[in-house]
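Report on the structure given below.
Every number here is computed from the coordinates shown, using simple stated rules; none is lab data. In this text, all values refer to a predicted model and were calculated from it rather than measured experimentally. Reconstructed Cβ throughout: ideal geometry from the backbone, glycine too, with neighbour counts over all protein chains shown.
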Amino acid sequence: MPIPENTLAAARQRDAEDPLRSFRSEFRIPQHNGKDAVYFTGNSLGLQPKGAEAALKQELEDWARFGVEGHFEAKHPWYSYHEELTDGAAKIVGARNEEVVMMNQLTSNLHFLLVSFYRPKGKRVKILTEQRPFPSDTYALASQIAFWCAVLYRAGILTGGHHRQST
Ligand SMILES: Cc1ncc(COP(=O)(O)O)c(C=O)c1O
């Protein structure tokens, strides 16, 4: 792939050709010195979609109107809410529908990920992370390590704080 030309005119040209350019108007952009802020944060918290307020209001209204019956009576029934998100999620990650589910929040999913894929063995026991991760990430990593220490200790693989080589 050729390296794109590094000029303002070329950047503007690429913006004009971007098939997603109309999506910009669907977000609320914080103001900085009276102008739209240049907003690069894509992880953690991106820009607020203009539709978020109405979407949240819908759920609050359905909760007020139906109480627990909102699980089945709400406009987007909560019991099967995840099913409405499957097509889009599968497309985003390039998976089949039966391979994805939208659920939980980040920290819980981090636990599920680690409990499935973190397999400390031999010298490969460390988890590398950035210097000051989000506090809940730190607790998740620490509790997964403690969990595995307990498992390995009970299995007789880890003794007295020293890690015996397992094969
Ligand atoms: C990097 C990171 N970790 C963890 C969290 C906490 O997310 P949650 O409350 O969904 O577990 C956030 C939230 O912004 C985050 O940005």
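About its Cα centre, what dipole magnitude does the range 52-99 give when the only charges are +1 on Lys and Arg Cβ and -1 on Asp and Glu Cβ, stated in debye to the nearest 20?
My answer is approximately 100 debye.
Whats the longest run of the chain with zero GluC sites (Glu not before Pro) that are DSSP loop and have at most 10 other Cβ atoms within 10 Å?
The reported range is 6-129.
Could you give the dipole magnitude of the range 98-164 about its Cα centre, charging the beta-carbon of Lys and Arg +1 and that of Asp and Glu -1, in debye to the nearest 20?
540 debye
Extension gain Val101-Tyr81, at 0.36 nm per residue separation less the Cα-Cα distance, in nm?
Gain on stretching Val101 to Tyr81: 6.2 nm.
Taking just the alpha carbons, could you work out the radius of gyration and Dmax for the range 52-99, both in angstroms?
Considering the range 52-99 through its Cα atoms, Rg and Dmax are 13.1, 38 Å.
Determine the distance separating the Cα centre of the range 45-73 from the Cα centre of the range 1-44; give it in Å without decimals.
The range 45-73 and the range 1-44 have Cα centres spaced 30 Å from each other.
Can you tell me how much longer the chain between Ile29 and Ser143 gets when fully stretched, taken as 0.36 nm per residue apart minus their C-alpha distance, in nm with one decimal?
37.3 nm
Ratio to report: Rg/Rh of the range 90-149, with Cα atoms as the point set and Rh obtained by the Kirkwood method; give two decimals.
Result for the range 90-149 is an Rg/Rh of 1.04.
Could you tell me the relative contact order of the range 52-99? Use alpha-carbon pairs under 8 Å, at least six residues apart, and round to a whole percent.
For the range 52-99, the relative contact order is 19 percent.
Checking the cross-link filter: which lysines have an alpha carbon closer than 28 Å to that of Lys75, excluding same-chain neighbours under 8 positions apart?
Answer for Lys75, where 28 Å is the Cα cut-off: Lys50, Lys57, Lys91, listed by chain and number.
Helix hunt in the chain: which complete DSSP H runs extend at least 18 Å axially by C-alpha with mean Kyte-Doolittle at least 0.0?
Both cut-offs are met by 135-154.
Ratio of alpha-carbon Rg to the 2.2 N^0.38 Å globular estimate for the chain, to two decimals, please.
1.51
Would you mind calculating the relative contact order of the chain from Cα pairs under 8 angstrom and at least 6 residues apart, reporting the percent as a whole number?
Worked out over the chain, it gives 10 percent.
So how strong a dipole does the chain carry about its Cα centre when Lys and Arg Cβ are +1 and Asp and Glu Cβ are -1, to the nearest 20 debye?
Using only the charged Cβ atoms, the result is roughly 1120 debye.
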